[in-house]
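Below: the structure, in structure tokens.
The values are calculated or read from the model by the stated rules, or taken from the named source; none is laboratory data. Everything numeric here is computed off the predicted structure, so don't read it as measured data. All Cβ positions, glycine included, derive from the backbone under ideal geometry; neighbour counts span all protein chains shown.
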Amino acid sequence: MISRKPLRVLVVDDTVLYRKIVSDALATLPNVEVVGSAHNGKAAISKLASLKPDLLTLDIEMPEMNGIQVLEYLQKNTPQTGAIMLSTLTHEGGAMTMKALELGAFDFIPKPQSGTMAENRKKIESAIGPMIHAFQRSARVTGVLKSASRIGKPAALKAARKAPVSTAKRPTLRLKRSKAEIIAIGISTGGPNALSKMLPMLPKDIGVPILIVQHMPPMFTQSLANSLANKCSVAVREARQGEPIVPNTVFIAPGGKQMKIVAGADGKSRIIKITDDPPENSCKPSVDYLFRSVAHHYVGRSTGVIMTGMGSDGTEGLKLMKQNGATIIAQNEATCVVYGMPREAAETGLADAVLPLNQIADMIMKTVRVG
């Protein structure tokens with residue numbers, strides 16, 4: 001049976017104001033229990049044994065022991081304890097957030113930098129609610145599927161089938177025989193860690209450009225690009241307005257902006273256009289926004305990849321890409337932090353291949369090299 005016990009949360013922040021804001025926001029959520037608070041990482045660790053939290057909401061910048069050091073401790077000593085980070089909207093905060101996500105943090109929430117306590121509480125509440133729900137769901141499903149795999153008994157397998165995600169048989173590869181000239185990737189929750197594992201598996205001479213929409217606010221996408229650039233053979237950078245799309249380069253959509261492809265002045269080349277168009281699916285940048293432009297400008301010559309993330313951003317864009325002859329790859333349920341964005345593509349047959357994270361790069365290469 002899937003456990004429905006309350007999620008026990010320890011709130012960790014060095015300011016009384018944010019401990020209050022986060023605690024109040026969590027108190028509005030069903031099946032969530034705030035079991036305590038701590039003013040820094042050292043105090044938080046001292047309370048782990050007695051409070052037994054399932055999750056920490058964790059400020060990154062704290063005296064004595066910061067959030068990164070707490071994550072390192074959790075990773076070594078209590079890996080079953082999750083963490084959601086609160087980070088400041090600065091370049092330094094963005095770099096530390098990337099490190100936190102690499103260390104296993106579930107996701108992060110930018111700290112509002114202005115506004116009244118009521119306004120900031122509303123911002124935190126609107127961000128943390130869906131995130132907590134996704135964390136609970138992910139934890140339940142992971143536990144059930146691990147139990148089914150370990151025990152192998154009918155009861156465990158029955159529980160797995162009742163888990164709140166599908167375990168239906170995945171579609172097999174139906175690879176089109178046209179060569180992809182561009183790779184477009186959509187990703188959200190769990191994305192930085194997934195990209196840091198997948199992109200380094202691509203060779204530096206892949207021969208095509210790669211465009212990525214990772215749901216993130218301003219400042220953080222530049223930190224993500226810097227982090228990935230240090231790990232990858234291909235060049236990685238945050239995309240800039242008007243730059244040409246060149247091979248062997250990863251272009252990451254800037255946080256808080258929309259990114260699409262448009263025709264160059266010669267009518268043949270393709271360039272990046274960064275806009276301030278409205279959010280789509282409550283996302284800015286939006287995967288659908290990018291995917292539509294790829295579908296229009298690379299008919300029959302593209303590969304769309306949809307990976308871990310909350311929500312359904314990217315689904316409509318993938319449908320258009322598929323109609324226009326693209327090959328579609330979806331990350332599988334077992335390796336997603338949140339199986340939201342790839343779900344429909346995987347379960348409706350829209351995807352030509354549904355693969356674990358460690359096989360996606362190889363499949364991308366197959367679509368690039370098809371003749």
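Summary of values
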| read-out | value |
| --- | --- |
| When residues of region 348-360 are limited to those that are buried (at least 19 other Cβ atoms within 10 Å of the Cβ) and over 19 Å from Phe291 (Cα atoms), the one farthest from the chain's Cα centre (by Cα) | Leu355 |
| Asp59 being outside the structural domain of Leu224 (by TED's automatic domain parsing), at pLDDT below 95, under 20 Å from Met131 (Cβ atoms) and in contact with a helix residue (DSSP H, G or I) (Cβ under 8 Å, 6 or more places away or on another chain) | yes |
| Matching residues, region 180-208, being at positive phi and modelled with pLDDT of 95 or more | Gly207 |
| Some residue of region 203-222 being among the polar types (S, T, N, Q), free of Cβ contacts under 8 Å to residues at least 24 places away in the same chain and out of contact with any Lys or Arg (no Cβ under 7 Å at 6 or more places or on another chain) | no |
| Some residue of region 34-54 being touching a residue at least 40 places away in the same chain (Cβ under 8 Å) and closer than 30 Å to Pro218 by Cβ | no |
| Enumeration of residues in region 326-339 that are touching a Gly at 6+ places or on another chain (Cβ under 6 Å) and closer than 26 Å to Tyr298 by Cβ | Ala326, Ile328 |
| Sole residue being among the acidic types (Asp, Glu) and assigned to a helix (DSSP H, G or I), chosen from Asp24, Asp14 | Asp24 |
| Number of the exception - Leu48 against (1) hydrophobic (A, V, I, L, M, F, W, C); (2) touching a Gly at 6+ places or on another chain (Cβ under 9 Å); (3) surrounded by fewer than 21 Cβ atoms within 10 Å (Cβ to Cβ) | (2) |
| Residue ID - nearest to His215 (Cα to Cα), chosen from residues in region 283-315 that are in a helix (DSSP H, G or I) and aliphatic (A, V, I, L, M) | Val287 |
| Scan of region 112-128 for residues that are free of Cβ contacts under 8 Å to residues at least 24 places away in the same chain, of a type in the set (A, V, I, L, M) and either in the same structural domain as Ser282 (by TED's automatic domain parsing) or surrounded by fewer than 18 Cβ atoms within 10 Å (Cβ to Cβ) (or both), ordered by number | Ala118 |
| Options Lys268, Lys273, Lys319: the member that is free of Cβ contacts under 8 Å to residues at least 12 places away in the same chain, in the same structural domain as Pro244 (by TED's automatic domain parsing) and either assigned to a helix (DSSP H, G or I) or basic (Lys, Arg) (or both) | Lys268 |
| Unique match (being crowded, with 22+ Cβ neighbours inside 10 Å, under 19 Å from Gly93 (Cβ atoms), in contact with a helix residue (DSSP H, G or I) (Cβ under 6 Å, 6 or more places away or on another chain) and of a type in the set (Gly, Ala, Ser)) among Gly255, Gly191 | Gly255 |
| Test: residue in region 156-179 that is modelled with pLDDT of 95 or more and more than 24 Å from Phe106 (Cβ to Cβ) | no |
